[in-house]
Amino acid sequence: MTVAALARREITSWAEQLTEVAERVGPRFLRSEPRQQALAYLQGLLSSVERKNSWQLAEQAGEPGPHKFQHLLGRAAWEADEVRDDLQTYVREHLADPEGVLIVDETGFLKKGEHSVGVQRQYSGTAGRIENCQIGVFLAYATAHGHTFLDRSLYVPEEWAGNSQRRGAVGVPKELRFATKPVLARQMIERALANGVPARWVSGDSVYGNDGKLRLWLEEHERAHVLGVSGNHFVTIGWKQQKVSAVAAQFLPEDWHRLSAGPGSKGPRWYEWAAVETNSLHEGWSRWLLVRRSVEDAQERAYYRVFAPAETTLEEMVAVAGKRWAVEECFATAKGECGLDEYEGRTWTGWHRHVTLSLWAHAYLTVVRAQVIGKAPKKRKRPAKTS
C-alpha cells in the first residue's frame, strides 16, 4: 500500500497528530502569526488541492490572497534549518531502525526563466535530459517502518557561486562556497548522524559512487555503503586496475545468482547478481564490486562499489542496493502529494522554507501510513505547554 492509496478519511483521523507536529516546530517561530501560517501551509500541502503554490494554498485556507504565505516563505523570522533539525528528530522517533539506510539522490525542478536561485541549463534526471532547472540534493531514510526524507540542499552551480550579483539578487548567503553534489551529500549524512539518526548503510547512484573522496570519507568513518558507479569506473583486484565492465565480463555462469532487489509495483524485482572482492586495507572490512544484470538482457548491467564488514553476504548487499529505489518513491509522492516542486518563488530562503515544509508533510504522511498498517508505534501526544 502506498501513501497515495490511503483514504482521505484515514488521514483526516490523524488531525491531532498534525497539531502535535505544529506544536513541535512552533517554538521556531517567534510570532504567533507565522506559527499559525506554517500550520495552515502544512495543511494545504496535505490537502487535495491540485496545485500547491501560494495562490492555491491561500484559496484553500480561505485567505483573500497569497500574501501571508508569501510572507511566511520570504520575510518572516524563522530558520528553515532549525525546522529541518526538528524533522530529523520526528523521523528518528517514529521510524528509527539500526538497520536503516541513508540514501542520497538529487531531483530537478524545471524552470522557465533564468532568475531563480541556482537555475541553469543542466542535466536533470527528472526530465532525462539537459533542461533549464534547479537541482536539489536530498537525503532519504529507508527502514522497516517506512521511508521519507531527512534533509535537502540546493545545488548552486559554480557559475552561480562565483557571480556576486546573481547571488545577491536571490539572497544566497555570503559565506556559501561552491560545493559539488557529493560534498552536499556528505554534509547531510554528517548532520543526520550527528542528530542521532541510526543507520547501518549509505546508498546512492553513480553521481556519488564515482566520487572517491566521498567513498574514502565513508570508509574512514566505517560507514558501510553500496554506491553505484559508471561502467568505465576502475577497481583494483590483485594490484591490477580493471574497468568494472571488463571485470563483469569475466564472471562465470555459476558466479551469477538470481535474487530479488525488493518488491516493485508488479511483484519482486528479479535480477542476476555477482560480486567479487577488491583490495581493501581496513581490518575486518572488505570492498567488493557488485554487478547487477537484467534477466532478459545479460548486457544490461549496473555496477556498485560496496564497503562493509567482511562477513557481509551477497544477499545483504543486494537488499541495500534495492532499497535505493525507495528515494524514487519518496520523490514521486512528495511531488504528487506534498507539493515539493510547486514553489514558484526565486530566492534561496523561499526555496529552503517551502521544501522543508514539504518534507515535513511527506514525513507526516509516512508516519501515518506506518501506524495505519502497524509498522510503527503510535506516539503519545505531547502535553500542551503552559505559560
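The numbers here are math on the coordinates, done by the rules we state, and not lab data. Quantities reported herein were computed from a predicted structural model and do not represent experimental measurements. Here Cβ is always computed from backbone atoms with ideal geometry, including for glycine, and neighbour counts include all displayed protein chains.
Side notes on the structure shown:
- Anisotropy class of segment 140-226 from Cα gyration tensor, a/c 1.5 cut: prolate
- Computed magnitude of the charge dipole of the chain (debye, nearest 20; Cβ of K, R +1, Cβ of D, E -1): 860 debye
- Debye log10 I(q)/I(0) for segment 68-176, one point scatterer per Cα, at q = 0.17, 0.22 Å⁻¹: -0.99, -1.20
- Scaling the Cα radius of gyration of segment 89-247 by the globular reference 2.2 N^0.38 Å produces a ratio of 1.16.
- Put simply, the convex hull of the Cα atoms in segment 1-160 casts, on average, a shadow of 11.5 nm².
- Axial C-alpha extent at least 15 Å, average Kyte-Doolittle at least -0.5 - helices from the chain (DSSP): 15-25, 181-194, 325-337, 348-372
- If the convex hull is drawn through the Cα atoms of segment 276-347, its volume per residue in Å³: 186 Å³
- For segment 210-298, the C-alpha radius of gyration sits at 1.20 times the compact-globule guess of 2.2 N^0.38 Å, with N the residue count.
- Averaging the sequence gap over all C-alpha pairs within less than 8 Å and six or more residues apart, then dividing by the number of residues, gives the chain a relative contact order of 19 percent.
- Based on the reciprocal of the average 1/r between different C-alpha atoms, the Kirkwood radius for segment 256-387 equals 18.5 Å.
- For the listed residue pairs Lys243/Lys266; Lys213/Lys266; Lys68/Lys112; Lys111/Lys266; Lys68/Lys181, the alpha carbons are over 30 angstrom apart in Lys243/Lys266; Lys213/Lys266; Lys111/Lys266; Lys68/Lys181.
- Segment 180-260: radius of gyration and largest Cα-Cα distance (Dmax), Å: 15.2, 45
- The base-10 log of I(q)/I(0) for the chain, evaluated at q = 0.06, 0.07, 0.10, 0.15 Å⁻¹, reads -0.25, -0.34, -0.69, -1.40 [Debye formula, identical scatterers on Cα atoms, solvent excluded].
- With the simple spin-label model, which puts each label point 7 Å out from Cα in the Cβ direction, the Gln36 to Gln299 separation comes to 6.6 nm.
- Positive dipole terminus of the chain, leading residue within Ala179, Leu102, Tyr304 (C-beta point charges): Ala179
- Selected from Gly238, Gly339, His257, residue furthest toward positive end of dipole (the chain; charges at beta carbon): Gly339
- Convex hull projection area averaged over all views, segment 15-72, Cα basis, nm²: 3.9 nm²
- In the chain, helices alone account for a calculated mean residue ellipticity at 222 nm of -11500 deg cm²/dmol, with every DSSP H run of four or more residues adding -39,500 (n - 2.57).
- A full extension of the chain between Ser260 and Glu99 corresponds to an added length of 56.1 nm, given 0.36 nm per residue minus the alpha carbon distance.
- From most to least packed by mean Cβ count within 10 Å, the peptides 244-257, 18-31, 320-333 give 320-333, 18-31, 244-257.
- Cα gyration tensor shape for segment 252-295, rounded if a/c is under 1.5, else prolate or oblate: oblate
- In a reduced charge model with +1 at each Lys and Arg Cβ and -1 at each Asp and Glu Cβ, segment 282-331 shows a dipole moment near 200 debye about its Cα centre.
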